[in-house]
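One structure is given here, and the rest of the page talks about it.
The values are calculated or read from the model by the stated rules, or taken from the named source; none is laboratory data. Predicted model, so just to flag it, every value in this text is computed and none were measured. Cβ placement follows ideal geometry from the backbone for every residue including glycine, while neighbour counts extend to all protein chains displayed. Only protein heavy atoms, including side chains, enter the accessible area calculation; ligands, DNA and RNA are left aside. Shrake-Rupley method; radii C 1.70, N 1.55, O 1.52, S 1.80 Å.
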Amino acid sequence: MNTHHGSGSAYGEGIAAALADGWRFASLHATTKDEGRMVRTLLSSKDGDLRIESVTAAPDSVPTIVDLCPAAGWDEREAHDLYGVGFDGHEPLRPLIDHDVALEQFATPVQGHDAYQVAVGPIHAGVIESGHFRFHVVGDLILHVDARLFYKHRGLERAAEGLALNDALGVVARSCSGCWASNAVAYAHACEGVLGLAAPPELARSRTILLELERVWNTLNDISAICAGVGLAAGTSRFAALVDDARRLNQRLTGHRFLFGSVAVGGSTLDVDASAISDARETLARIRSESSRAWKALLFNGSFIDRMPDIGIVDAATASTLGTVGTAARAAGVVEDLRTTSPRLAYDDFEVAVLRRQTGDVQARLEQRALELLPCLDILDRLLDGPVRPVASVRAEEGASIGVGRVESPRGATTCIVERDGDRVGRVRLRTGSYANWPAVAHAAAGNLLPDFPLINKSFELCYACVDR
Amino acid sequence: MLTLLRDLRNLRRSIALPAAASTGSLAIRHVDCGSCNGCEHELTLVSSPVVDMARYGLGIVASPRHADVLLVTGPVTTRMHAALLTA
């Protein structure tokens, strides 16, 4: 990995040149270093190469890159709220995590004949995580949405600082149970980068199994949620029962329904014997046949399918601009999946599932999920070919001061950056797929009807917990 | 649609659920105050056919005004403090 430290304008020029060269924005965070603060931007290439561009805040601000890559918008606002770093040229720099501000400061001003605001949340009507949405509407038509999240900000990144690398895994990964394994593996990879450790094939296999087990229940859960979004109770219940089936399997294999405790830094303690493996294969085969049966039943339900097309559109150009990741990006035609560039995992010749109708609407996102469930089950079928044994990483190279782990979570690319302080965590940043995709949800909602928002929201099915941390 | 309903019926018959409650009910209002999302995922599933808490007279309601129980998940973050008090 290339790290480059520039000052002021050199930093902005370096990033502009890299973006022109085909590099993409992956993450931006602020950190305190010795006497001052600095900002680090992580860029990635299509082949999975990474480079970090750093800049020292002199004295309080750095040049913004949001004009070069709008995907960095939330990251810069976060860096400002948590570290007090200013971004020259980012106007207005609205508060993101800081809630102690007047309404005008976080909401976009919308004026016009009959325009008014509908405030929803932070507490919602069902069993939903806490977050506030401010809809600017005329009648039922949504003009603009301001999503105000971070009601669940627990300061987990700060809590992890100063802990031993392995101890901090529990804190970082626990930012979200829905993406626990993805967060844990991304963090473990970052730490192993710091320590100069490589994953032997058995470790890669063990972790890939966990990631795909997580993807199975999440995918089923997403389809169930979309059914709930249009009020199709039969579909919701059918897929919810399959989610339960998948989570019970997680419990039997790892001792926890959300896979907690199954990932560690520098190795794996996961031990699955032959009888558990055959149980897993049996359960997954049942999930495969029952889910495809239920999926066909959904396809033949005209009133359900008719609700899906042309709602909540995020086209390919918008998805690229906003840095959208995961199924939401692939449904729009941005065919990117970190599973194609994960040498530390056992994805061998993984090919991205490509939808025929890449329209970036609710229907495309729903179909993309159903499409991706099958290869996911195929990967598990290939990997669950024998007992899983505990294994340790092997030393491969000299350690580094910064490590990066990137994993394709059920919601898209999750990036974890760890800066070491001796043998402890100096700074850790977790940027999950949900974090990358929230701006796309707000974008997708504009121009649609207010009653369609729950469906649009469910078609992304993002976590609040792993955004807020 | 019939396939879905038939599968659900068969699923229900295959699960040996304990007898449903004959008396009493409890209306629950859930407030997330900074959980890891695990409680929400599991709370959604206890309404699914496999557990079906409605059999025991337990239900999630949309407003604290309708509720007997306020179910708080998470450690209560500073940003949720005021909202929780309102609820």
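Within region A:62-80, the set of residues being assigned to a loop (DSSP other than H, G, I, E, B) and of a type outside the set (S, T, N, Q) comprises A:ILE65, A:VAL66, A:ASP67, A:LEU68, A:CYS69. The strands (runs of 3 or more DSSP E) found wholly in region A:1-61 and carrying at least 1 residues that are hydrophobic (A, V, I, L, M, F, W, C) occupy A:24-33, A:36-44, A:50-56. Evaluation of A:ALA173 against the conditions (1) within 17 Å of A:SER262 (Cα to Cα); (2) touching an Asp or Glu at 6+ places or on another chain (Cβ under 6 Å) shows that the sole unmet condition is (2).
At least 2 residues being open to solvent by 10 Å² or more (accessible area, probe 1.4 Å), touching a residue at least 24 places away in the same chain (Cβ under 8 Å) and more than 30 Å from B:ASP7 (Cα to Cα) is the threshold, and among the helices (runs of 4 or more DSSP H) wholly inside region A:168-274 those reaching it are A:180-195, A:201-230.
Do we have any residue at all in region A:311-323 that's among the hydroxyl-bearing types (Ser, Thr, Tyr), in contact with a strand residue (DSSP E or B) (Cβ under 8 Å, 6 or more places away or on another chain), more than 14 Å from chain B (Cβ to nearest Cβ) and not in a loop (DSSP other than H, G, I, E, B)? Looking through region A:311-323, none of the residues is among the hydroxyl-bearing types (Ser, Thr, Tyr), in contact with a strand residue (DSSP E or B) (Cβ under 8 Å, 6 or more places away or on another chain), more than 14 Å from chain B (Cβ to nearest Cβ) and not in a loop (DSSP other than H, G, I, E, B).
Of the residues making up region A:398-452, those that are of a type in the set (Lys, Arg), touching a Leu at 6+ places or on another chain (Cβ under 8 Å) and under 16 Å from A:TRP180 (Cα atoms) number 2.
Out of all the residues in region A:439-469, which are acidic (Asp, Glu) and in a loop (DSSP other than H, G, I, E, B)? Answer for region A:439-469, where residues must be acidic (Asp, Glu) and in a loop (DSSP other than H, G, I, E, B): just A:GLU461. Just one of the listed residues (A:ALA364, A:ALA370, A:ALA353, A:ALA346) is assigned by TED's automatic domain parsing to the domain that holds A:ASP273, more than 25 Å from A:ILE313 (Cβ to Cβ) and crowded, with 18+ Cβ neighbours inside 10 Å, and it is A:ALA346. When we screen B:ALA16, B:ALA82 for residues that are farther than 18 Å from A:HIS132 by Cβ and either more than 9 Å from chain A (Cβ to nearest Cβ) or β-branched (Val, Ile, Thr) (or both), the only hit is B:ALA16.
The set of residues in region B:29-67 that are charged (D, E, K, R) and modelled with pLDDT under 90 comprises B:ASP52, B:ARG55, B:ARG65. Filtered by the rule that a residue be within 14 Å of chain B (Cβ to nearest Cβ) and either under 22 Å from the mean Cα position of the chain (by Cα) or among the acidic types (Asp, Glu) (or both), region A:100-132 gives A:ASP100, A:PRO122, A:VAL127, A:ILE128, A:GLU129, A:SER130, A:GLY131, A:HIS132. It is to be established whether one or more residues within region A:422-432 are open to solvent by 40 Å² or more (accessible area, probe 1.4 Å) and either assigned to a strand (DSSP E or B) or of a type in the set (Val, Ile, Thr) (or both). There is at least one residue in region A:422-432 that is open to solvent by 40 Å² or more (accessible area, probe 1.4 Å) and either assigned to a strand (DSSP E or B) or of a type in the set (Val, Ile, Thr) (or both).
Of everything listed in (1) open to solvent by less than 10 Å² (accessible area, probe 1.4 Å); (2) farther than 30 Å from A:ARG389 by Cβ, the single unmet condition for A:ASP310 is (1).
Taken together, the residues in region A:135-162 that are assigned to a strand (DSSP E or B), open to solvent by 20 Å² or more (accessible area, probe 1.4 Å) and under 19 Å from A:ASN437 (Cβ atoms) amount to 3. Just one of (1) more than 14 Å from every other protein chain (Cβ to nearest Cβ); (2) within 30 Å of A:VAL314 (Cβ to Cβ); (3) open to solvent by 10 Å² or more (accessible area, probe 1.4 Å) fails for A:GLU398. It is (2). Of everything in region A:195-209, what is more than 18 Å from A:ASN166 (Cα to Cα) and of a type in the set (Lys, Arg)? Give them in sequence order. Within region A:195-209, A:ARG205 is the sole residue that qualifies. The number of residues in region B:22-68 that are open to solvent by 50 Å² or more (accessible area, probe 1.4 Å), more than 9 Å from every other protein chain (Cβ to nearest Cβ) and of a type in the set (A, V, I, L, M) comes to 3. Residues in region A:5-21 that are loosely packed, with under 15 Cβ neighbours inside 10 Å and either of a type outside the set (Gly, Ala, Ser) or within 22 Å of the chain's Cα centre (by Cα) (or both): A:HIS5, A:GLU13, A:ASP21.
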